[in-house]
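Participant: If you scroll down you'll find the structure; I have some questions about it.
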Amino acid sequence: MKIEIEVPQARLAPLLADPELNTKWMDDIERVEPISGLLGMQGSRYRLVPKPGGMEFVATVVGREIPAELRVSLEGRIVTVAVTARFAAMSPTSTRLTHVQAFNFKGLLNRIGGLLARGSIKKAQRRHLEAFKRYAETGR
């Protein structure tokens, strides 16, 4: 999924790479709890604690080449998600964010459920990217 954001690449990439900011734009995350390492840096691990009804994930920063790319692995009870975010300057004031998520559901029933939920997963990804864009451009 791609989205253009009216923020320079050098300012945008650190916003997405900072887990402490997740609660500012992810409406389904209640808090972020550090587990190990320097939060947000390569190799660090942290817990994304959801609001009621959501799914908890343990995130590991597997690659951090800011301002060009960020890679995070999200480990949940029924699914692992490999997230890659790439940042490309479109102009001095605009950046294209390419956001790719690869899902690996655990167990046959969860795989079937994942196939059936594909539409809602894409909708949630779009909602999160739009929320991040709004936050990055306006601070809200």
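Just so it is clear, none of the values below were taken in a lab; they were calculated from the coordinates. Keep in mind that what you see is a predicted model, and the values were worked out from it rather than measured. Counting neighbours? That spans all protein chains shown, and the Cβs are built from the backbone with ideal geometry, glycine included.
Participant: Can you name the residue in the stretch 89-103 that is loosely packed, with under 15 Cβ neighbours inside 10 Å and small (Gly, Ala, Ser) and, of all such residues, is nearest to Leu129 (Cα to Cα)?
Facilitator: Ranking the qualifying residues of the stretch 89-103, first place goes to Ala102.
Participant: If you check Thr93 against the conditions, is it out of contact with any Lys or Arg (no Cβ under 8 Å at 6 or more places or on another chain), in contact (Cβ under 8 Å) with a residue 40 or more places away in the chain, over 18 Å from Phe57 (Cβ atoms) and β-branched (Val, Ile, Thr)? Give the steps one after another, and end with the answer.
Facilitator: On the way: out of contact with any Lys or Arg (no Cβ under 8 Å at 6 or more places or on another chain): yes; in contact (Cβ under 8 Å) with a residue 40 or more places away in the chain: yes; over 18 Å from Phe57 (Cβ atoms): yes; β-branched (Val, Ile, Thr): yes.
So Thr93 fits the description; yes.
Participant: Just one of (1) more than 17 Å from Leu15 (Cα to Cα); (2) of a type in the set (Lys, Arg); (3) surrounded by 15 or more Cβ atoms within 10 Å (Cβ to Cβ) trips up Arg118, so point out which.
Facilitator: Arg118 satisfies all of (1) more than 17 Å from Leu15 (Cα to Cα); (2) of a type in the set (Lys, Arg); (3) surrounded by 15 or more Cβ atoms within 10 Å (Cβ to Cβ) except (3).
Participant: In the stretch 34-80, which residues are hydroxyl-bearing (Ser, Thr, Tyr) and over 21 Å from Asn104 (Cβ atoms)? Before the answer, list the steps.
Facilitator: The first filter runs over the stretch 34-80 and keeps only residues hydroxyl-bearing (Ser, Thr, Tyr), leaving 36, 44, 46, 60, 73, 80.
Of everything in the stretch 34-80, those that are hydroxyl-bearing (Ser, Thr, Tyr) and over 21 Å from Asn104 (Cβ atoms) turn out to be Ser36, Ser44.
Participant: Give the residue that is farthest from the chain's Cα centre (by Cα), with candidates limited to residues of the stretch 68-82 that are surrounded by fewer than 17 Cβ atoms within 10 Å (Cβ to Cβ) and closer than 18 Å to Ile3 by Cα.
Facilitator: Across the stretch 68-82, the extreme among qualifying residues is Ala68.
Participant: Which pairs have Cβ atoms under 9 Å, sit 6 or more apart or on different chains, and link a residue in the stretch 29-49 that is in a loop (DSSP other than H, G, I, E, B) to one that is surrounded by fewer than 16 Cβ atoms within 10 Å (Cβ to Cβ) and among the β-branched types (Val, Ile, Thr)?
Facilitator: Pairs that qualify, where the first residue is in a loop (DSSP other than H, G, I, E, B) and the partner is surrounded by fewer than 16 Cβ atoms within 10 Å (Cβ to Cβ) and among the β-branched types (Val, Ile, Thr), are Gln42/Val62; Gly43/Val62; Ser44/Ile35.
Participant: Could you tell me whether any residue of the stretch 128-135 is over 20 Å from Ala17 (Cα atoms) and not acidic (Asp, Glu)?
Facilitator: no
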